[in-house]
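The values are calculated or read from the model by the stated rules, or taken from the named source; none is laboratory data. All values reported here derive from a predicted model rather than from experimental measurement. Here the Cβ positions follow ideal geometry from the backbone for every residue, glycine too, while neighbour counts run over all protein chains shown. Ligands, DNA and RNA are stripped out before the accessible areas are found, and what is left, the full protein with its side chains, is counted by its heavy atoms. Shrake-Rupley method; radii C 1.70, N 1.55, O 1.52, S 1.80 Å.
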Amino acid sequence: MIAYLRGVVTDKAGSQVVIDVHGLGYGVQVSLETESQLSLGKESQLVIYEHIKEDAHDLYGFLEQSSKHLFEKLLSVNGVGPKMAISLLNLGNATRLVQAITSGEVNYMQAASGVGKRLAERIVVDLKGKLGVSSGESATDFLGEPNIAQDEATQALVALGFSSSEASAALKGMDSQLSVEQRIKLALSGSKR
């Protein structure tokens, strides 16, 4: 079993990237969000989910274990396969998808390729209680992310050239009452008021 791959990204073609690990290129299916955070020629690490069938051996990659965990939860729903699970993840970030599931936003999930109303309803029914999110918790508790504003701030720092881990580290421990703009300014200045 492949738990993770660490290597240089040598090719990006839509939802597939190629990771060169010591001269061996692995084709890995990724979400659009993950693909956007990977840079050609840079070393990256992806947590891997292997999908093995009699006629295929597909690899699905995620930057964080929590995203892989959500992907596996989606696969537990009858009628959702790996390609549809990636399509659901392509709707936005993982936090938004967990929020849609826990709040029963069927229309949001129907925007994913191949997801009809019945399947979206089945996803809500099957996963609402399984994501570890109760009425008093937020979707970010399941994913281990601080909050939506922190996620927007992280995305902005990544756009400015930070790696995901550097952006998360820069924002860790920030006051949750600050706006996204204030968090970005403080992260850039190195302060954590």
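Details
- Given R0 = 22 Å, the distance between the Cβ atoms of Gln182 and Ala159 translates into a calculated FRET efficiency of 0.80.
- With one equal scatterer per alpha carbon and no solvent term, the Debye-computed log10 I(q)/I(0) for the chain at 0.11, 0.14 1/Å reads -0.54, -0.86.
- Within the listed set Leu131, Leu91, Leu24, the Gaussian network model of the chain (springs between alpha-carbon atoms below 10 Å) gives the highest mean-square fluctuation for Leu24.
- Whole-percent carbon and sulfur share, accessible surface of the chain, 1.4 Å: 48 percent
- Percent RCO, i.e. relative contact order, over the chain, from Cα pairs under 8 Å lying at least 6 residues apart: 13 percent
- Reachable lysines from Lys128, criterion Cα separation under 24 angstrom, eight or more residues apart if same chain: Lys68, Lys73, Lys83, Lys117
- Amide H within-cut-off set for Gln16, under 5 Å, with H built and near neighbours excluded: Val30
- Annotation: lysines with alpha-carbon distance below 17 angstrom to Lys42 (same-chain offsets under eight excluded): Lys12.
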